[in-house]
Amino acid sequence: MADYAHAPRPLGGSLVTPVTLLLGVLAAIAGVILLYRFIYGLGAVTNLSDGYPWGIWIAYDVVVGSALACGGYSMALLVYIFNKGEYHPLVRPALLASLFGYTLAGASVIFDLGRWWNVWHIFWPGYAQVNSVMFEVAVCISIYILVMWIEFSPAFLEKFGMRNAQRKLGKVLFFFIALGVLLPSMHQSSLGSLLVIFGQQIHPLWRSGWLLPVLYLTTAILLGFAVVVFEATLSSIGFRRPLETKVLAPLSKIMYGLLVVYLVIRVLDLVFRGALGAAFTASWEAFWFWVEMACFVAPLALMSSARARNSAAKLFIAALLLMLGGFMLRINGFLVGYMTGEGWHYFPSLPELMVTIGLIAFEILAYIVIVKKFPVLPAVQPATR
Amino acid sequence: MEDMSEIRIEEATRAAATVASRLGINRREFLQFCAATATTLGLPAGAEAAIAEAVEKAKRPSVIWLHFQECTGCTESLLRAEHPTLDKLILDVISLDYHETLMAAAGHQAEAARKAAMAANKGKYILVVEGAIPVAQNGIYCKVGGQTAVDMLKECAADAAAVIAIGSCSSWGGMPSTDPNPTGSSSAADILGKTVVTIPGCPPNPYNFLATAVHFLTFGKLPEVDELGRPKFAYGRIIHEHCERRAHFDAGRFAHEFGDEGHRMGYCLYKLGCKGPETHANCSTIGFGDIGEASWPVACGHPCIGCTEKGVGFIKPIHATAQLKGMSPPASYPGVVEQQGKTSFASAAALAAIAGAAAGAAAMLAKNLGKQDEAQAQQKGE
C-alpha cells in the first residue's frame, strides 16, 4: 500500500503569512470570549434560553463539526476496510483535518456546559448515566479523539526521528485504525439518535424516527468524502501544488453512489411517514428543507458523468454543496425544526458566532502549521509541475 | 413490632366490638380512633389491630396527673379533642387516679387518693406533669396541699414506671420561665435530673399525647425520642418542611404586613416572624381541633411563635425573623416570565457578510478551476 513516490513530506515555508495572521486574530478573539464565558456564564455570552438550551456551539461545533471532520473516518473506511490503496495519499491530510475537527468538537461540549467544572462527571462511574444517548456520544467521541491522535502519531514520530517507536506502533496500529472506523460509525449515528428521543419536538420533515441514525451516518460518510475533495482542492491552490483530480474523480463516483442511496432513503421516508406535505407549506421549516434538499440534489447533476467528475471545478462545487447539505440537515434537525413550544426563538449572538468562527479559524491555522512542519501531504513529483 | 401483622383481622374486630360495647360507641368509631393513632405514630399497617387489642386487654394503667405553674391549657386541649367520645375513651383507656381539674374529690381527700394510688400501683403508674416547677426560694411559689411542687414531683416520680411532661412549661420551662424568671421556673427533667418524655406545645396537640400513651399501652414502652425527650414521630421534623405555605417560601412570595396583598393571598409568613423554619413539631401535618389542616396558627394567617421549641417560643419576639435551620432561601429567584429568546442583528449581519464572502470566494475559486480544466482539455485536444 505504501507508495513511496507519494511518501508524505513537510511543505516547509514561513508560518507567518497574511492568512495565518488573520486566522490567529480570529482564534484569539474566540479565546477571549470563551474566557469571559467561563467566568460569567452562558447567559453573558450566548442567546441561549430555557426553550433553546443549546445553540450553534452544539448544533454547529459538535454535530456539524464532527460530521465535517469525518474525512479521516471515510478515508480509513475506504482504504483500510474496502482495501482501496490508491487513495492512500489522501488519508493523512484527511486524518489531520479530522483530528482538529473532532478535538474541537469535544472541547465545544465543555463550552456549552452550564457547570463546565463538572464535565468529568460524564466519565465517572458513580455519576455517568449509562442509558443516555448523550453518554454514548460523549464517551465514543472522547475515545475516538484519543484513537485519532494515535493514528496520526506516525507523522510526529517520523518528524522527530523516533524510528523505533514508529516501528513498534506500526505493529499495533491496525487495532487503532479498526477502532477509528468503528467509533465514528457508532457516534455519528448516535447524533441522529439524539433527535429520536426528542419525538414530537422535532418538525415532521426531520422526524424520521429509527431512520435518523441511518440518515446521519450516511451523510457523515458523504460529508467526509466531500471534505476530502474540498480540502485537497484548497490545499492544492493554497500551497500551489498540482490538483489531485486524478485521485478525486474516482472518489466522486463513490460519493455519487452513496448520495443516491441517501436521497432514496430520505425521500421514501418522507413519503411513507406522510410528512412530504409539510414541505409544501409556507413556513420557514419548508424553506430550509428545500435549501437542504437542493444542496443534496444539485451535486447529483454535477457528478453525473465521468467527464463532469474529471472537472476540478464541478467536483469542487459539488463537494461544497454536499457540505452545505449536511450542514443544513443537522442545523434543521437541531435548531430550525426543533419545536420547543409557542413563542421560543433562537439566533446566535455575535460573541457566540465569533467563538464558532474562531474555532474554525483555529482548525485551519493548525492544519496549515502542521502540514508545513510535519510530513502530511504527499511529496510533489517535480515532473508534474 | 413484627407481631402486629400476625394479629388477625377478626381478632381486632372482636376486640373492637368489646371495647365499643363497653364504651357505648359503635365499633367503627373505635377502629377509626385506633387507625388515626397508629397513623400519628407513623406505625406500619396492622398496628391499628395491635392497638385495638391492647386497649381491650390491658389493665388500665394508673395515671397520676400533676399540675404546677400552668394554665390548664394542655388538659383543656386534650378534653376538647372533638372525636365524639374521646374524653370517655381517655378515661376508659387509663385509670386517671389523680387530676386536679377532673377529679371529684377535693382537699385532703384528693391527696389521700393520690397516695393510695401510688402505693397500690408502685412502680407501674404513669406520671404526667403539666406546668413548670418553681425552684426559687425553696419552691415556695407553687404549693399543693402545703407541699411544694418540687417535693411533690420528686415524691411522685420516685415510683413511676414512666414520666411524661405535657406542654412546654413542664418540657422546658415554657412561658413561666421567660426572663427574668422570678420564680425560677424549671422543667420536670431539670428537677428529676434525667430525660423524660416531653410533649411540648402551648398547648400541645392532644393526639401527640394520646399516641404516646397508647404506644406505651400497646408496646409496653414509650416511643423513640430525640435528645430533648420529644417523641420523634411528632417532633422529628421542623414545621417548615411540610408547611402548606412552603411553596410560597421557595418561590419568594412573602406577606410583609398583616392584611397586605401577600397576606391576603396566603403567602409565606416568614417575614412576619414565622418560626416554622426553626421549630420542631407536626402542626403542619395534623392540625388542631379535629377539623383538618386549616386549623393551626399558620393556616389562620398568624406566624408560628415556636411554642414547642426551647429558646424560641416565649423567648424570641413573635415578629422577629426566624433563624433558618437546614435551608436557606435562594440568592435570587427565577423570573416569572422568561424571555423567549433574543434577536441579534449584529450577528445576523455578520453571518450574512461571511456567507456572502464565502460564496464569492467559492465562486471565484470554481471559476479559476474551470479555466484550468479548460486549459487541460485543450492540451489533451491538441
Result row for chain B, helices from DSSP H with C-alpha axial extent 24 Å or more and mean Kyte hydropathy at least -1.0, is B:345-381
Name the residues whose placed amide hydrogens come within less than 5 Å of the amide hydrogen of B:Tyr98, ignoring near sequence neighbours (fewer than 5 apart) on the same chain.
B:Val63, B:Trp65
Lysine pair number, Cα distance threshold 24 Å (strictly under), region A:48-346, separation 8 or more or different chains:
8
For chain A, take the longest principal axis of its alpha carbons; what is the angle in degrees between that and the long axis of helix A:18-40, to the nearest 10 within 0 to 90?
40
If a paramagnetic tag sat 7 Å from the Cα of A:Val291 along the Cα-Cβ line, which residues of region B:338-361 would have the backbone N under 19 Å from that point?
B:342-361
When you count, for each residue, the other Cβ atoms within 10 Å and take the mean per peptide, how do A:254-264, A:227-237, A:204-214 rank with the highest first?
A:227-237, A:204-214, A:254-264
So if R0 is 45 Å, what FRET efficiency would B:Arg237 and A:Trp344 give, r being the distance between their Cβ atoms, rounded to the nearest 0.05?
0.65
Under the Karplus curve 6.51 cos²θ - 1.76 cosθ + 1.60, θ = phi - 60°, whole-Hz ³J(HN,Hα) for region B:192-197, x wherever Gly or Pro sits
7, x, 8, 6, 10, 5
Checking A:Val79, A:Val267, A:Val172 against a Gaussian network model of chain A (alpha-carbon springs below 10 Å), the top fluctuating residue turns out to be A:Val172
Tilt relative to chain A, helix A:91-112 - C-alpha long axis, 0 to 90 degrees, to 10:
30
Checking the a/c ratio against 1.5 first, then a/b against b/c, what shape does the Cα gyration tensor give for region B:159-256?
oblate
Would you look at the GNM of chain B, springs on alpha carbons closer than 10 Å, and say which of B:Ala158, B:Ala362, B:Ala119 moves the most?
B:Ala362
Reachable lysines from B:Lys122, Cα under 28 Å, same-chain residues fewer than 8 places away excluded?
B:Lys57, B:Lys59, B:Lys88, B:Lys143, B:Lys154, B:Lys194, B:Lys221
Once you put a point 7 Å from the Cα of A:Asn83 and another 7 Å from the Cα of B:Asp260, both along the Cβ direction, what distance in nm separates them?
8.3
Given the protein assembly as shown, report the % of alpha carbon pairs whose separation exceeds 33 Å.
66
Calculated FRET value between A:Leu300 and A:Ser14, using beta carbons and R₀ = 45 Å, to 0.05
0.60
Connecting C-alpha atoms closer than 10 Å in a GNM of chain A, tell me which of A:Val109, A:Val196, A:Val271 has the biggest fluctuation.
A:Val271
Quantify how strongly other chains surround peptide A:139-151 by giving the mean number of their Cβ atoms within 10 Å of each of its Cβ atoms.
0
Shielding by partners, peptide B:339-352 (average Cβ within 10 angstrom, other chains)
6
Of the trypsin sites (Lys or Arg not before Pro) in region A:230-300, those whose Cβ has at most 16 other Cβ within 10 Å and which sit in DSSP loop
A:Arg240
B:Ala106-A:Lys171 pseudo-label distance in nm [points 7 Å out on the Cα-to-Cβ vector]
11.1
How would region B:60-234 be classified by its alpha-carbon gyration tensor: rounded, prolate or oblate, with rounded meaning a/c under 1.5 and the a/b versus b/c comparison settling the rest?
rounded
Chain A: angle of helix A:350-373 to the longest principal axis, Cα-based, in degrees nearest 10:
10
Inter-site label distance for B:Glu227 and B:Ala362 at 7 Å from Cα along Cβ, in nm:
7.2
Three-way shape label, region B:237-327, alpha-carbon gyration tensor, a/c 1.5
rounded
Straight-line reach from B:Lys271: which lysines fall under 27 Å, measuring Cα to Cα and dropping same-chain residues less than 8 apart?
B:Lys310, B:Lys316, B:Lys325
Summed over the other residues with a beta carbon less than 10 angstrom from that of B:Cys169, with K and R at +1 and D and E at -1, the charge totals -2
Assuming R0 = 25 Å, what is the FRET efficiency of B:Gln372 and A:Val369, from their Cβ-Cβ distance, to the nearest 0.05?
0.35
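Here, each number is a calculation from the coordinates, and none is a lab measurement. Small disclaimer: the values here were computed from a predicted structure and weren't measured. When we count neighbours, we look across all protein chains shown, and the Cβ atoms used for this are built from the backbone with ideal geometry, even at glycine.
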